1. Working only within region 162-185, note down all residues that are in contact with a helix residue (DSSP H, G or I) (Cβ under 7 Å, 6 or more places away or on another chain) and surrounded by 19 or more Cβ atoms within 10 Å (Cβ to Cβ).
2. For region 290-301, check the following and say yes or no: at least one residue is modelled with pLDDT under 95 and in a helix (DSSP H, G or I).
3. For residues that are in contact with a helix residue (DSSP H, G or I) (Cβ under 8 Å, 6 or more places away or on another chain) and not in a loop (DSSP other than H, G, I, E, B), scanning just region 69-87, find the one that is modelled with the lowest pLDDT.
4. Cβ-Cβ below 7 Å, separation at least six or inter-chain, first residue in region 32-44 and under 17 Å from residue 316 (Cα atoms), second part of a loop (DSSP other than H, G, I, E, B) and modelled with pLDDT under 90: which pairs?
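The values are calculated or read from the model by the stated rules, or taken from the named source; none is laboratory data. What you see is a predicted model, and the numbers here were worked out from it, not measured in a lab. So basically every Cβ, Gly included, is an ideal-geometry build from the backbone, and we count neighbours across all protein chains shown.
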């Protein structure tokens, strides 16, 4: 987990004080990327981007095809570019290297060409080859795509990102020439609600919605300031003091991923989840699906093979609060509404 001198030192994930909801949502998405990403909304200066970068630092290395711009998985056709597939079909040797999972930052002013990639039409027409310049979605394949201030991003670009995140593929078309490549990534967006909300249909496409607030407890605030000061004074020794906890959490993530396929959730609990979604008037079935996945990921994280009602109680507000229809006269937090409905249907959780 230690960073080399040439790298920018990353604040350790296990050293982050508070913001448990955000940290849990990020961990669950890493355990099961099919949850569909996280939208983190909250005040400025609450550690949103620090926490996302800290998460990436925890993740294990992955095998990729050497010199491949799409981080192709040498063992899984779903994560392979067409060129790598062709090499395998021709029984050519595939050079493989190990690398850290990448995190790609999407700048606010990015154009669609920068995000999706471009086709060199002149080269395609004169030389008869599909000359493709990969974009940020290619770099993000099998990694994390982080969009800060996602609520300020052009709606069309948000649509492009969400379509790629949902399908796992990015397709670029120009003058009858079409190129596709794998783009399977965990989409993490963050923003400040004071600067504008996302459209409900876009919010719905994020698997989970975590709220972060400024810490009010003076003791915790002092602890956070102290942690930051120590880190800035000597990043390496600060990171070393968290080396063991970082390694333990990294191992826990790896074991949770391996355990995920064995996790069971009872038919009765699945029915109750759907009953909560129906009675809260949640549109579509994404809420049901994401709640199932998140509850299983939490059980895996807790080293269990069976989902409990408490797992569902913990993840449900994160999975449903952004899917509820907004009532302008309603002052109660939507996460509390979800918990109230849960308690009616599941009964009280000890």
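1. Scanning region 162-185 gives 162, 164, 170, 172, 181, 182, 183, 184, 185.
2. Going through region 290-301, the residues modelled with pLDDT under 95 turn out to be none.
No; the residues of region 290-301 include none that is modelled with pLDDT under 95 and in a helix (DSSP H, G or I).
3. Among them, the one singled out is 77.
4. Final answer for the pair search is 36/206; 37/206; 38/206; 39/206.
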